[in-house]
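Enquirer: Next up is a structure, given as structure tokens.
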Amino acid sequence: MKQLAGKVGIITGASRGIGAEIARLLAHEGAELVLNYNKSEEKAHLLRDEIEEAGGKALCVQGDVSKLGDAARLAEAAMEVFGRIDFLVNNAGINRDITLSKMQLEQWNEVLEVNLNSVYNCSRAVIPHLMAQTSGSIISISSIIGQSGGFGQTNYSAAKAGMVGFTKSAALELARYGITVNAICPGFIETCMLSSVPPEVKDKIKGRIPMARFGLPEEVAKAVRFLLVDGEYITGQSLNINGGMYM
């Protein structure tokens with residue numbers, strides 16, 4: 001039996017990397033999905049086709065979730081096509097790495113808007129629907145960098161740490177409506193973001209990981225599935241998926 005049959009969810013930044021793996025796994029468990037993308041239209045449509053060929057249901061919706069109106073359209077599309085919303089996965093994110101002394105305001109704002117403001121925008125769009133049905137889950141994909149910091153990543157670290165703080169406060173407010181709010185903090189995961197790192201730097205990073213390897217996108221996806229399937233008494237938490245790099 002599929003563990004998420006009859007559930008409907010929105011995944012932001014779903015066209016590639018961690019977001020795509022989350023979509024594949026949740027669709028395999030029977031969830032009907034709104035797949036948000038901003039620029040990667042072809043990849044999003046290929047993912048939708050893959051899900052539907054496997055017997056699932058998915059809808060692609062383009063939108064820049066750093067904009068409140070675009071985020072609202074995701075919730076509207078879910079309600080129009082599927083008639084309900086059961087969960088939101090805030091996964092959209094970018095990085096613009098540069099040392100603080102050289103960082104321009106545009107680089108700071110862009111990362112905060114896409115990584116953190118989108119969490120407010122999308123959560124605000126789905127909360128009325130979750131409150132009306134007195135159930136639901138909001139999961140935000142934060143990062144180990146929001147916990148430990150990262151050289152040249154003050155903008156990214158601030159945004160990801162902000163997601164954790166948002167999670168705690170929203171969990172307090174929404175618990176009485178049966179809504180859980182949690183964050184997942186991946187460590188270094190094998191995605192296109194990591195592939196751009198020079199080999200010698202990757203070797204140094206791997207040397208700091210007790211499990212001596214990088215994580216896989218599907219390992220993050222399994223954490224999302226766990227929270228949605230078995231996490232009814234888990235809220236306000238940050239689940240670390242980092243091979244022991246940050247304890």
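Enquirer: Where in region 127-230 are there trypsin sites (Lys or Arg not before Pro) that are in a DSSP coil and have at most 14 other Cβ atoms within 10 angstrom of their Cβ?
Expert: Hits after loop and neighbour filter: ARG208, ARG213.
Enquirer: Using the alpha-carbon atoms, what tilt in degrees (0 to 90, nearest 10) does helix 17-28 show relative to the longest principal axis of the chain?
Expert: The angle comes out at about 30 degrees.
Enquirer: If the reach is capped at under 20 angstrom between alpha carbons, list the lysines near LYS39, excluding any in the same chain fewer than eight residues apart.
Expert: Partners within reach: LYS67.
Enquirer: Here is a further query. So what's the gap between the Cα centers of region 214-243 and region 57-104, to the nearest angstrom?
Expert: 20 Å
Enquirer: Oh, and also: Angle between the Cα long axis of helix 41-53 and the longest principal axis of the chain, 0 to 90 degrees, nearest 10?
Expert: 50 degrees
Enquirer: Can I ask one more? Mind checking which aspartates and glutamates have their Cα closer than 19 Å to the Cα of LYS43? Skip sequence neighbours fewer than 8 apart in that chain.
Expert: Leaving aside aspartates and glutamates fewer than 8 places away in the same chain, those within reach of LYS43 are GLU21, GLU32, GLU52, GLU53, ASP64, GLU190, GLU218.
Enquirer: Find out how many positive minus negative residues lie around GLU32, taking Lys and Arg as positive, Asp and Glu as negative, among other residues whose Cβ is under 10 Å from that of GLU32.
Expert: Working: positive: LYS7, LYS57, ARG84; negative: ASP86.
So the environment of GLU32 carries a net charge of +2.
Enquirer: Based only on other Cβ atoms within 10 Å, what is the fewest-to-most ordering of TYR246, TYR233? Mind dumping the intermediate values first?
Expert: Working: TYR246 14, TYR233 6.
Lowest count first: TYR233, TYR246.
Enquirer: Here is a further query. From the helices alone, meaning DSSP H stretches of at least four residues, give me the mean residue ellipticity at 222 nm for the chain, per-run term -39500 (n - 2.57), in deg cm²/dmol to the nearest 500.
Expert: Values: 10 runs with 116 residues, N = 247.
Calculated from helices alone, the mean residue ellipticity at 222 nm is -14500 deg cm²/dmol.
Enquirer: Follow-up. Hey, what angle do you get for helix 217-230 against the long axis of the chain, alpha-carbon based, 0 to 90 degrees rounded to 10?
Expert: 40 degrees
Enquirer: Need the list of lysines near LYS168 for cross-linking: C-alpha distance under 20 angstrom, and skip anything on the same chain fewer than eight residues off.
Expert: Within the straight-line cut-off, LYS168 pairs with LYS160.
Each reported figure results from applying straightforward, stated rules to the coordinates on display, with no laboratory input. These numbers come from a predicted model, not from an experiment. Please note: Cβ atoms are built from the backbone with ideal geometry, for glycine as well, and neighbour counts cover all protein chains shown.
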